[in-house]
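The values are calculated or read from the model by the stated rules, or taken from the named source; none is laboratory data. Small disclaimer: the values here were computed from a predicted structure and weren't measured. Cβ atoms come from the backbone with ideal geometry, glycine included; neighbour counts cover every protein chain shown. Calculation scope for accessible area: heavy atoms of the full protein, side chains included, ligands and nucleic acids excluded. Shrake-Rupley method; radii C 1.70, N 1.55, O 1.52, S 1.80 Å.
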Amino acid sequence: MTDAGHGPLAPTDRRRILLLVGPVGAGKGTQAEALSRELGLVHLASGNLFRQALRDGTEMGERARSYMERGDLVPDAITIDMFMAELARPPAKAGAILDGFPRTVTQAEALDATLAARGERIEKVISLEVPIEEVVARAAGRRVCPACGTPYHLSGDPPRVPGICDKDGTPLVQRDDDRPEVVRARLAKQVPPMLEVLAHYDQAGIVARIDGTRPADEVTDAILRALRRDTGAS
Ligand code: AMP
């Protein structure tokens, strides 16, 4: 990992870049929203960005479409371009919570290199640890607002009115890939590269493993404690 201290930016100009890692249903969306509020950082979720690009009919969305429709990872080159452009936009000026990217070691290396060229680096990789069977059960209860992307959970984080988004009143939907049989197949593909990404950041000693089985607010507190423990130490 490149020493961020030798980059072109003064240390005070450095953005806070946090990375949330965990399988589908581990609570990444919920934690990212809570951390975004607590820390004033934008939440950048690669899946949401791709879905938005599809809705907007952008060129990048069209390049990603066939892969997404098959449930495959979008090729690294397209994904890296998309995410780096997003990180350069004004909402990420103060920093960002990355969710869903990087998902391969190639993406992680590209991200590290781009940040290092700006004198930046990932401050902390937060790994939300939840057993596979619980992940499958949780995914089955996930719902999302198709208009604004707000995530909900039928038992853990229900909307005020069943089936309706609190923010904009849109009927919530279950994403096809949250269905149990799809989740199992997806985990089999998703977990090995995720473990490789964690191993990559373990080498830099920046991974915080957080028990993700507890209530959402306790998980948020544990993450904030892990971040505070390292403030001033890195
Ligand atoms: P998600 O909402 O994170 O499950 O992402 C939805 C879809 O977007 C995935 O099934 C992939 O097709 C694509 N995608 C999201 N993030 C990435 C990534 N880091 N690398 C490649 N494809 C991605």
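Below, the figures for the structure above:
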{"quantity": "Exclusive hit being more than 7 Å from the ligand (Cβ to nearest atom), among the hydrophobic types (A, V, I, L, M, F, W, C) and assigned to a strand (DSSP E or B), set LEU54, LEU49, LEU44", "calculated": "LEU44"}
{"quantity": "Whichever residue in the stretch 83-94 is open to solvent by 60 Å² or more (accessible area, probe 1.4 Å) and outside any loop (DSSP other than H, G, I, E, B) and, among such residues, is nearest to the ligand (Cβ to nearest atom)", "calculated": "PRO91"}
{"quantity": "Within the stretch 23-41, considering residues that are more than 9 Å from the ligand (Cβ to nearest atom) and of a type in the set (A, V, I, L, M), the one farthest from the chain's Cα centre (by Cα)", "calculated": "LEU39"}
{"quantity": "Residue list for the stretch 74-132, filter: touching a residue at least 60 places away in the same chain (Cβ under 8 Å), of a type in the set (Asp, Glu) and closer than 21 Å to LEU35 by Cα", "calculated": "ASP99, GLU120, GLU123, GLU129"}
{"quantity": "ILE126 being at pLDDT 95 or above, touching a strand residue (DSSP E or B) at 6+ places or on another chain (Cβ under 9 Å) and within 15 Å of VAL21 (Cα to Cα)", "calculated": "yes"}
{"quantity": "Qualifying residue in the stretch 105-118 (condition: crowded, with 16+ Cβ neighbours inside 10 Å, modelled with pLDDT under 95, basic (Lys, Arg) and away from the ligand (no atom under 14 Å from the Cβ))", "calculated": "yes"}
{"quantity": "The listed residue being within 25 Å of ALA208 (Cα to Cα) and assigned to a helix (DSSP H, G or I), out of ILE122, ILE97, ILE80, ILE126", "calculated": "ILE80"}
{"quantity": "Test: residue in the stretch 157-165 that is open to solvent by less than 50 Å² (accessible area, probe 1.4 Å) and at pLDDT below 95", "calculated": "no"}
{"quantity": "Residues that are more than 10 Å from the ligand (Cβ to nearest atom) and either within 23 Å of GLY25 (Cα to Cα) or in a helix (DSSP H, G or I) (or both), drawn from the stretch 57-77", "calculated": "GLU59, MET60, GLY61, GLU62, ARG63, ALA77"}
